[in-house]
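So the structure is just underneath, and the comments pick up after that.
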Amino acid sequence: MSTLIDPPICIALDVSSLDEAKRLLDALAGRVSVFKVGLELFTAAGPQAVREVTSRNCDVFLDLKIHDIPNTAARAVRAAERLGARFLTIHGSGGREMVRAAIEGTTEGRPELLVVSVVTSLDEDALREVGVTRSIAEQVDAMAALASEEQAPGLVLAASEVARVRAAHPGLFLLVPGIRPAGSDAGDQKRVGTPGDVVVAGADLIVLGRSVTQAAHPAAATDRILDEIQSARDGVSTSA
């Protein structure tokens, strides 16, 4: 398992330019230590987006969801390590051989590979439409088992699946996107959760995007979420 990250928050730099990313980094780098560089920003700004994060002594979650033939996946992993990414996503649906090759492509455990189970924008109907006959829960459990068996460090999953997977696989690092603070709109996500509930359920790292990055004051929005997480933790401690 990866080392403890506290606060357990990753801010998604889902913006279209490096200037926008820098603005968010300057506002938030003192509050959280992990930032996501995903497809939009990486396509727009390339490796420089990763360097902007690491230059502020923060960790990069490079969310490229690698899904390719094993050799290509392994080479992409090696390239991500050279860039300095701490975390990198790979699709479990790429198959065992691809996952194994990706892991073999790491250098001294870096980047820490997170196996994507079922993306949070999918529901049962969408999963069946692409030919997956398992339920979402069954598919997530299968991907969690694959990650554990191949000794991948972690898994990407939805909020509703955290408690079950944590109980079955205590050693996996669990990263959860689709997080919405209490009272927020779900947007294009189907399987969402609130920060406090998900952390208490056993998530190691949660990903926050629009609720912070599109807020009038991103730092204040982050502070409110940190308070929400602490309140949930305090509630568990009080009831224990």
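The values are calculated or read from the model by the stated rules, or taken from the named source; none is laboratory data. Since the model is a prediction, treat every value here as computed from it, not as a measurement. Cβ: placed from backbone, ideal geometry, glycine included. Neighbour counts: every protein chain shown. Areas reflect the complete protein model, heavy atoms only, side chains present, ligands, DNA and RNA absent. Shrake-Rupley method; radii C 1.70, N 1.55, O 1.52, S 1.80 Å.
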Single unsatisfied condition, T222 versus (1) open to solvent by less than 50 Å² (accessible area, probe 1.4 Å); (2) at positive phi
(2)
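Table: residues versus (1) within 29 Å of L28 (Cβ to Cβ); (2) touching a strand residue (DSSP E or B) at 6+ places or on another chain (Cβ under 6 Å); (3) of a type in the set (A, V, I, L, M).
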{"position": "R78", "(1), (2), (3)": "no, no, no"}
{"position": "R86", "(1), (2), (3)": "yes, yes, no"}
{"position": "M98", "(1), (2), (3)": "no, no, yes"}
{"position": "L114", "(1), (2), (3)": "yes, yes, yes"}
How many residues are touching a strand residue (DSSP E or B) at 6+ places or on another chain (Cβ under 7 Å) and either of a type outside the set (D, E, K, R) or at pLDDT below 95 (or both) if we restrict to region 100-112?
4
Filtered residues of region 92-121 (kept if small (G, A, S), farther than 22 Å from R164 by Cα and assigned to a helix (DSSP H, G or I)):
G94, A101, A102
When only residues in region 122-161 that are open to solvent by 50 Å² or more (accessible area, probe 1.4 Å), in contact (Cβ under 8 Å) with a residue 12 or more places away in the chain and not in a helix (DSSP H, G or I) count, which is nearest to I179 (Cα to Cα)?
D123
Residue, modelled with the lowest pLDDT, within region 178-203, restricted to residues that are open to solvent by less than 50 Å² (accessible area, probe 1.4 Å) and out of contact with any helix residue (DSSP H, G or I) (no Cβ under 9 Å at 6 or more places or on another chain):
A186
Name, by its number, the condition in (1) of a type in the set (V, I, T); (2) over 17 Å from the mean Cα position of the chain (by Cα); (3) under 21 Å from T72 (Cβ atoms) that does not hold for T133.
(3)
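Of all residues in region 99-115 being of a type in the set (A, V, I, L, M, F, W, C) and surrounded by fewer than 23 Cβ atoms within 10 Å (Cβ to Cβ), which is nearest to R56 (Cα to Cα)?
Per the stated criteria, the residue is I103.
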Select from region 30-67 the residues that are in a loop (DSSP other than H, G, I, E, B) and open to solvent by 30 Å² or more (accessible area, probe 1.4 Å) and write down the one among them that is nearest to L155 (Cα to Cα).
H67
When you check E81 against the structure, is it under 24 Å from L4 (Cβ atoms), surrounded by fewer than 21 Cβ atoms within 10 Å (Cβ to Cβ) and of a type outside the set (S, T, Y), yes or no?
yes
